[in-house]
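The values are calculated or read from the model by the stated rules, or taken from the named source; none is laboratory data. Quick caveat, the model's predicted, so the values are computed rather than measured. Cβ: placed from backbone, ideal geometry, glycine included. Neighbour counts: every protein chain shown. Accessible surface areas use protein heavy atoms only, side chains included; no ligands, DNA or RNA. Shrake-Rupley method; radii C 1.70, N 1.55, O 1.52, S 1.80 Å.
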There are 2 protein chains.
Amino acid sequence: MSSYKVKFIPDGKEVEVAANTKLIEAAKKAGVYVNSLCGGQGACGKCKVQITRGKVESDTHAIGFFSKEEIKNGYALACQTEVIDDLEVFIPPESRIEEEQILIDESVVDYSKPEKLSVARVASDPLSFFEPLSQKIYLELPAPTSEDNISDIDRIIRGVRKKLRYQSFEISLHCLQGLSAKLRNNNWKITATIVKHGDIWRITQIEPGDTSDNNYGVAIDVGTTTIVAQLVHLKTGKVIGVEGSHNLQAHYGEDVISRIVFSCGRGKGLNALHESVVENINSLIKNLCETKGVDIEDITSIVAAGNTTMSHLFLGLVPCSIRLDPYVPTAHVFPQILAGEINININPDGVLETIADVASYVGGDIVAGVLATGIADKPETKILIDVGTNGEIAMGNNDWMVCCSASAGPAFEGGGISCGMRATLGAIERIEIINDKLKYKSIGRAKPRGICGSGMIDCVYEFVRNKIIDQQGHFNLSTKHERLIETDDEPGYIIAFSNETETGKDLTIKESDISNLIRSKGAVFAAIKSLVDYVGMGFDEVDTFFVAGGFGNYLNIPKAIAIGLLPDIDPEKIKFVGNSSLMGARMALLSSHAFDRTVEIAKMMTNIELSTYLPFMDEYVASLFLPHTEKRLFPSVDYWQE
Amino acid sequence: MSSYKVKFIPDGKEVEVAANTKLIEAAKKAGVYVNSLCGGQGACGKCKVQITRGKVESDTHAIGFFSKEEIKNGYALACQTEVIDDLEVFIPPESRIEEEQILIDESVVDYSKPEKLSVARVASDPLSFFEPLSQKIYLELPAPTSEDNISDIDRIIRGVRKKLRYQSFEISLHCLQGLSAKLRNNNWKITATIVKHGDIWRITQIEPGDTSDNNYGVAIDVGTTTIVAQLVHLKTGKVIGVEGSHNLQAHYGEDVISRIVFSCGRGKGLNALHESVVENINSLIKNLCETKGVDIEDITSIVAAGNTTMSHLFLGLVPCSIRLDPYVPTAHVFPQILAGEINININPDGVLETIADVASYVGGDIVAGVLATGIADKPETKILIDVGTNGEIAMGNNDWMVCCSASAGPAFEGGGISCGMRATLGAIERIEIINDKLKYKSIGRAKPRGICGSGMIDCVYEFVRNKIIDQQGHFNLSTKHERLIETDDEPGYIIAFSNETETGKDLTIKESDISNLIRSKGAVFAAIKSLVDYVGMGFDEVDTFFVAGGFGNYLNIPKAIAIGLLPDIDPEKIKFVGNSSLMGARMALLSSHAFDRTVEIAKMMTNIELSTYLPFMDEYVASLFLPHTEKRLFPSVDYWQE
């Protein structure tokens, strides 16, 4: 089979691929990230590229995504185009995935970071127990005598018991093999690695001498968009380093639904998605180890948290039934495995725990967030909101927990918005209209390439406050303005003129974009309202609203309230918690009690399936208004009173 | 490197080996079994072969083992001879290992073999619980609905819980992978394989449809000399078939001590021994499956019992410290492993349990024997005696258990006896002297090749009863007899004349042979006596003496008492229990309660280390007499009263 060279501009990366390889695959192979929302189905038009040299074979169905000029200039969809020649391919700015602002985590609860294993335990707060999932215990054992001739492994277990209070141990065979010489050649001074597995501790490794300082774990947030790994020193609890990267699965689809579709289609879809995330994590861990000077063999445990679909793909489990009524996943609670079982490279005996899910659309990331925010451990009622493509909401206290998820659509992540984009370089993230003058700020102060979620919220807020749109989101066409135009068949408003933008085209918000954002914010608010109503409470009875996730940190709270995304409560009660999923995973890594707690939390959370919960639809319809059809719910919002 | 052909006579098997290969290795490769007691050290002289064609290179140190005639006829020790030419090698009868009478097992306790899992459980007798280590449970699950949308694996666990009473389950990752489609493609009708692991049940396999009939286990007695495997249908408890073979490790040494020495010497001794027993077991299982028409993938569990050294070699554990004071093994309780971890070929998720040991010289075979005979479950005090190279004795009841082991030497297995041999074809196993006429019976009624343990006991008994020897075992040289001769420097007694034997030489018992047997029987009796004294009891207070092992079944009880091997009690109290190790292993395979019981039994047994127990030496010296120096201990023995 013949092969061709494909060079990607502006990166300059070149790759050789077989004839008829899809261009998007070639880009992946070259390490060039091309946008895709639909998973390569030719349905989203986000992977537009320009063929600047050479011939290609393109699916003509994709032609509807292009203007005449684009067709003339050799534009094509990377996912619908096959390589049949040596090529030079230009990735236009709007199709590129640039470095994103990846959220690490930020403490909201005081989680103890004791310097020693012998830290006092606070019985009233199980999360304060510092007992990592995997521990290295240094032992100086007495040599056997006729009076004390218990077996080698019993001697080790007795030694561990003297240092810790655990009772039940088991040992792997390969750890027993060679144990005899290891003990005798090292004068009975060895370090045992013990790993909690259910109710017992497994002895997984015996090292000569004292290696108890060389024990590390990794906490991982397996996000749909980004994957973040934190390297933690398990003897002290210290975070040694953190690395994040785009989820390589984005090549196969932007959101969980398109990835499920991809993995359940013909071919090895599941394998490709599974291997992508494994590749992601291996490279994060490798980088962390290299930059921090840590031996990868000294990593003995991993705790990962992700939504239900991500957890399934991560572990190689078939996710197909997650998106089909009645939304049944393969598992909610996942087995502890050897990291090597899914080819994650750490110590060969290193284990991997995946935080348990609640339901098909309320995953381990939310459970980890509930753990991290301590919601399930205090008597006050609190809410955790995590808004991405799905809005997930958990509510409760140490007595009860309910949760739900609503499909918010991709608007908050730049999807479904004609000039929408993720919060990466060149995305407009702030907009203000003062005295009829529009000002914006783009990420990295680069030439605007599009508008991201927080920019859209600002935009809608400024439009409605300035009466550019009405409370239903329709443009007020009676006011003439140089920015207000009618593009194609619907009106729009120019945010940045062609001479200001990187693409050289006007950056315009259309009426349908506003409509999409209103649907998204309506879905999230209706979900929160439904959950609060379901338990018979009012917003004022909620002690704290935690806002988690990448979206949270860049959100302007008053504006989010003013468009009706968040309830109209004291902004002081709203707290950004950053990457609470990662924080929860780290807590579970550092405290096996906290890990056990995640399973309890997952089991105590009652999921309200909104798609079959009748009041939700009414709430949703009532929320498709700025800020809401029921004025009394938003007393502080004043723009509509004029 | 050049290679040569070696043909073994009389088998006619031919093999090609590299130059300088040891002849004993060539024999092993050809599948020809040559005797060896010392592990190829050139120290026992048991591997004599005759080079009938071709040249060899022999170690001249071995020359002391040969008569002039043998040297002239090309005799050499197979372990001290290297192949440097194409050869024809004759294995003389006395050097051959022939098919032995391998003991299967024979019920002594009524162990329930219920036809169904739903059998009534008898709370008073934990051993009667029929709950195999691995079970296949057929499930017809309801398809999920909106009201019943638990995860796939929770649905399976709920289904299993409805059928059984177990609470805790875990599942392997690879069983979760693909589960989704397996359930949906088979209309929610599947069979789950569950395996007990400690306090939880592991779901290890999901098969489409009802496969609950296709579930087998293997019980294995890993003996020093022979290995026996029993194929058991786990749904009904029925024994489907049984196969035994010589332990291939015999190539490297006949007894446990020489195998420990071999495995702890230079080179890959441990590997070779470990792989030998694995090869043994794989071929037994393969034969059983082929002859019984069972799919090897349907074998889901194995329980093996062996002495401490054999268990270590079987699992690939370093046995060196077992023979060094203070006699500390790597482990007494062994982890459950996947059979595949040591390359045993059954179902890839099939597990292997090894019965726990008590001490370095009281192993899992004795624990299994105690389980099988029910000693530890009834109030009456009983004794189990297992005599091979070591004599192991366990004594007790449901309240306490003590045990010990004494090195009996190899006399009972034909070792240390000039014309001794194992109980194989041509071994004299019965001797009677009536009216001065000696009659013998050989195994298979073949021409005599040597004398085995039971023959030696008969021999000593007949000698002392007929005053051919005195009570110290010295020949009474004053009585002249055609059979009584003085060979070399010591007297002897011809059992079979040269014209009757296969070797064409006289088969003679020497005074030193008698002396060896007296030392062996003395050690065993002294051990029994020490144990009974240790707990402050008399022989008459013992309810039953179980005699186990290959030796047991061919033993003439009155004669064994008369020479002072067994205590002088009512012969009715002495019961042969056959291969109680295999029977115990099968019970543990069929009842996880019985398996748990073996761990409890091993822990409740107090080992009396005779080598440091002072009264034992006195008992031993007192026992070096026929039947014993203390007449009152053997009131029924009358030959010395004349």
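Take each residue in A:333-344, count the other chain C-beta atoms within 10 Å of its C-beta, and the mean is 3. Around the amide H of B:Thr226, modelled in the peptide plane, lie the amide H atoms of B:Asn247, all under 5 Å away and 5 or more residues distant in sequence or on another chain.
On a per residue basis, region A:224-366 carries 29 Å² of accessible surface, using protein heavy atoms and a 1.4 Å probe.
Can you pull a Stokes-Einstein diffusion coefficient for region B:399-453 at 25 °C (0.890 mPa s), Rh from Kirkwood over Cα pairs, as a whole number of µm²/s? Answer, rounded: 191 µm²/s. For region B:428-574, the solvent-accessible area of protein heavy atoms averages 40 Å² per residue (probe radius 1.4 Å; ligands and nucleic acids excluded). Diffusion coefficient (Stokes-Einstein, Kirkwood radius over C-alpha pairs, 20 °C, 1.002 mPa s) for chain A: 81 µm²/s, rounded to a whole number. Restricted to Cα atoms, region B:339-475 shows a radius of gyration and a Dmax of 20.3, 65 angstrom. Please report the base-10 log of the normalised intensity I(q)/I(0) for region B:369-442, using a Debye sum with one equal scatterer per alpha carbon and no solvent, at each q in 0.11, 0.21, 0.28 (1/Å). Evaluating at q = 0.11, 0.21, 0.28 Å⁻¹ gives log10 I(q)/I(0) of -0.47, -0.88, -1.15.
Computed with every protein chain present, the accessible area of A:Cys289 is close to 10 Å² [probe 1.4 Å]. Here the Debye sum runs over all C-alpha atoms of region A:545-642 as equal scatterers in vacuum, and log10 of I(q)/I(0) at q = 0.15, 0.18 Å⁻¹ comes out as -0.84, -1.02.
Nearest 100 Å² is fine: what is the total accessible surface buried where chains A and B meet, probe 1.4 Å?
Interface between A and B: roughly 2900 Å².
Sorting A:Cys404, A:Cys44 by solvent-accessible area of protein heavy atoms yields A:Cys44, A:Cys404, largest first, with a 1.4 Å probe. When the Cα positions of B:Met395, B:Gly31, B:Ser95 are compared along the charge dipole of chain B, B:Gly31 comes out farthest toward the positive end, with charges on each C-beta of Lys, Arg, Asp and Glu. Each semi-axis of the equivalent ellipsoid for region B:434-556 is √(5λ) with λ an eigenvalue of the Cα gyration tensor; in descending order they amount to 31, 18, 12 Å. Backbone amide hydrogens, once placed in the peptide plane, bring B:Lys13 within less than 5 Å of B:Phe8, excluding anything fewer than 5 places away on its chain. About its Cα centre, region A:361-474 has a charge dipole of approximately 700 debye under the convention of +1 per Lys or Arg Cβ and -1 per Asp or Glu Cβ, with nothing else charged.
Averaged over the residues of A:170-182, the number of partner chain Cβ atoms lying within 10 Å of the residue Cβ comes to 6.
How fast does region B:217-357 diffuse by Stokes-Einstein, in µm²/s, taking the Kirkwood radius from C-alpha pairs at 10 °C and 1.306 mPa s?
104 µm²/s
Sparse packing (at most 15 other Cβ atoms within 10 Å of the Cβ) combined with a DSSP loop state is found for the following trypsin sites (Lys or Arg not before Pro) in region A:198-287: A:Lys238, A:Arg266, A:Lys268. Per-atom-type breakdown for chain B gives carbon and sulfur 48% of the accessible area (1.4 Å probe, protein chains only). Cross-link partners for B:Lys437 among the lysines, with Cα-Cα distance under 16 Å and sequence neighbours closer than 8 places in the same chain left out: B:Lys467, B:Lys480.
Counting alpha carbon pairs within less than 8 Å and at least 6 residues apart, what relative contact order, in whole percent, applies to region B:506-642?
In percent, rounded to a whole number, it is 34.
At q = 0.04, 0.05, 0.08, 0.10 Å⁻¹ the log10 of I(q)/I(0) for the protein assembly as shown amounts to -0.34, -0.50, -0.97, -1.29, computed by Debye summation with a single uniform scatterer per C-alpha, solvent ignored. In terms of Cα atoms, the Rg and Dmax of region B:161-209 work out to 11.3, 33 Å.
Leaving out ligands, DNA and RNA but keeping every protein chain, what accessible area does B:Arg165 have, in Å² rounded to the nearest 10, with a 1.4 Å probe? The accessible area comes out at roughly 120 Å². Measuring only protein heavy atoms, the 1.4 Å probe finds A:Ser512 accessible over about 50 Å². Annotated for region A:132-218: lysine pairs at least 8 residues apart or interchain, Cα distance under 17 Å, count 8.
In peptide B:352-360, how many Cβ atoms from other protein chains are near each Cβ within 10 Å, on average?
Mean shielding count: 1.
Here the Kirkwood formula puts the hydrodynamic radius of region A:466-529 at 13.0 Å, using every distinct Cα pair.
Contact order, relative form, for region B:243-396: 20 percent (alpha carbon pairs under 8 Å, 6 or more residues apart, mean separation divided by residue count). Ordered by solvent-accessible area of protein heavy atoms (1.4 Å probe), largest first, the residues B:Val222, B:Val261 come out as B:Val261, B:Val222. In terms of accessible area, using a 1.4 Å probe and ignoring ligands and nucleic acids, B:Val524, A:Val621 rank largest first as A:Val621, B:Val524.
The Cα-based radius of gyration and maximum Cα-Cα distance (Dmax) for region A:349-406 are 12.2, 41 Å. Rounded to the nearest 10 degrees, the angle from helix A:592-604 to the longest Cα principal axis of chain A is 50 degrees.
Ellipsoid fit via the Cα gyration tensor, region A:441-500: semi-axes of 21, 15, 10 Å, each the root of five times an eigenvalue, largest first.
For chain A, the mean residue ellipticity at 222 nm estimated from helices alone is -8000 deg cm²/dmol, where every DSSP H run of n ≥ 4 contributes -39500 (n - 2.57) and the total is divided by all residues, rounded to the nearest 500. Region A:357-377 and region A:156-173 have Cα centres separated by 32 Å.
According to the calculation over all Cα-Cα pairs in region B:149-188, the P(r) per 5 Å bin from zero is 6, 22, 29, 27, 14, 3 %.
In the protein assembly as shown, a dipole from Cβ-located charges (positive for Lys and Arg, negative for Asp and Glu) runs towards its positive end, and of A:His251, B:Met421, A:Thr308 it is A:His251 whose Cα lies farthest in that direction.
What separates the Cα centres of region A:288-350 and region A:40-97 is a distance of 35 Å.
Here's the list of lysines a cross-link from B:Lys7 could span, going by alpha-carbon distance under 28 Å and ignoring same-chain residues fewer than 8 apart: B:Lys22, B:Lys28, B:Lys29, B:Lys46, B:Lys48, B:Lys55, B:Lys68, B:Lys72, B:Lys268, B:Lys286, B:Lys447, B:Lys505. In chain B, Cα pairs under 8 Å separated by at least six residues give a relative contact order of 13 percent.
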